[in-house]
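Asks: Input: one structure, supplied below.
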Amino acid sequence: MRFAANLFIFPLTFSWALALDNNNPETWRSPNNSYAIKESFYGDGKRVIAVFVKLSTGRSEVIDGSGARNSSALWSSDSHYVAINFERSHNWGDTAIYHIEGDRIAKVKLPSGMEAPRFLPSPAKDQILHVGPQAIRALQWLGSNRIELVSETAGAGLYRRGPGGAPVDEVSVDVEHHFIIELFGRTAKIIKSYEHKGV
């Protein structure tokens, strides 16, 4: 399952520039070639942090220092926004969107209520004992300030209960709910949402 983003900015500015080729991390340059998002490894090299770099000066700033197994970035066409998908663990991922204006980068506040378990079918919400891997991740930009996100789980375990409430069987319930988000500076709103129907 692919994962992705939604955590706080870690406003730490390095006094020295983090080289783009340091530890052979992944790097995602903006369409206008003014900025980049790069991974930087730390600790035993199994976790990464996200770093914003202004390429003309080499100035670097950690924008997510909470650590992830890996990450990926999607830039908007005008280079004013970047969405970063984080795989935090084997069963959890999230996404974060940042607004760039000049030398400044700031985290966009995403709408609440997009968590995948909220969209489990009834009566699953009352009967669920375990939810499998889940994530909110960015799929694609639909314009310079509109982006499609997906909230999903894979293999959510649901126990149907028999007489007396005893579990009698187990089925899988997968959720894939899509959101079209419109961005205004550091704010965002949902303008459309729909559920993907599997075969």
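The values are calculated or read from the model by the stated rules, or taken from the named source; none is laboratory data. Small disclaimer: the values here were computed from a predicted structure and weren't measured. So basically every Cβ, Gly included, is an ideal-geometry build from the backbone, and we count neighbours across all protein chains shown.
Asks: Spot the failing condition for L110; the list is (1) closer than 22 Å to P25 by Cα; (2) modelled with pLDDT of 90 or more; (3) surrounded by 21 or more Cβ atoms within 10 Å (Cβ to Cβ), and only one is missed.
Replies: Status for L110: all satisfied but (1).
Asks: In this structure, does A188 turn out to be of a type in the set (A, V, I, L, M, F, W, C), assigned to a strand (DSSP E or B), modelled with pLDDT of 95 or more and under 27 Å from V48 (Cα atoms)? First the steps, then the outcome.
Replies: On the way: of a type in the set (A, V, I, L, M, F, W, C): yes; assigned to a strand (DSSP E or B): yes; modelled with pLDDT of 95 or more: yes; under 27 Å from V48 (Cα atoms): yes.
In short, yes.
Asks: Anything in the range 152-185 that is more than 26 Å from H90 (Cβ to Cβ), part of a strand (DSSP E or B) and modelled with pLDDT of 85 or more? List them, or say none.
Replies: Selection gives I180, I181, E182, L183, F184.
Asks: For the range 43-100, how many residues are part of a loop (DSSP other than H, G, I, E, B) and closer than 19 Å to P25 by Cα? Walk me through how you get there before you give the answer.
Replies: Going through the range 43-100, the residues part of a loop (DSSP other than H, G, I, E, B) turn out to be 43-46, 55-58, 69, 76-80, 90-91.
If we keep only those that are closer than 19 Å to P25 by Cα too, we end up with 43-46, 55, 58, 69.
Residues flagged as part of a loop (DSSP other than H, G, I, E, B) and closer than 19 Å to P25 by Cα within the range 43-100 amount to 7.
Asks: Turning to a different aspect of this structure: Which condition number in (1) over 21 Å from D94 (Cα atoms); (2) crowded, with 17+ Cβ neighbours inside 10 Å; (3) at pLDDT 75 or above is the one that L149 fails?
Replies: Checking L149 against (1) over 21 Å from D94 (Cα atoms); (2) crowded, with 17+ Cβ neighbours inside 10 Å; (3) at pLDDT 75 or above, the one that fails is (1).
Asks: Of everything in the range 43-68, what is of a type in the set (D, E) and either at pLDDT 90 or above or closer than 15 Å to Y98 by Cα (or both)? Give them in sequence order.
Replies: The answer is E61, D64.
Asks: Of all residues in the range 89-107, how many are closer than 24 Å to Y194 by Cα and at pLDDT below 90?
Replies: Residues in the range 89-107 being closer than 24 Å to Y194 by Cα and at pLDDT below 90: 4 in total.
Asks: Check S71, S77, S30, S40 and return the single one that is at pLDDT 90 or above and surrounded by 15 or more Cβ atoms within 10 Å (Cβ to Cβ). Before the answer, list the steps.
Replies: Working: S71 fails: at pLDDT 90 or above; S77 fails: surrounded by 15 or more Cβ atoms within 10 Å (Cβ to Cβ); S40 fails: at pLDDT 90 or above.
One residue alone meets the criteria, S30.
Asks: Say whether the condition of being more than 21 Å from N91 (Cβ to Cβ) and at pLDDT 65 or above is met by at least one residue in the range 133-140. Step through it out loud before you land on a result.
Replies: Let us first name the residues in the range 133-140 that are more than 21 Å from N91 (Cβ to Cβ), namely 140.
When the remaining residues are screened for being at pLDDT 65 or above, the result is 140.
Within the range 133-140 (the criterion being more than 21 Å from N91 (Cβ to Cβ) and at pLDDT 65 or above), the answer is yes, since at least one residue qualifies.
Asks: Would you mind telling me which numbered condition in (1) within 17 Å of E152 (Cα to Cα); (2) at pLDDT 95 or above F86 fails?
Replies: Looking at each condition in turn, F86 falls short on (2).
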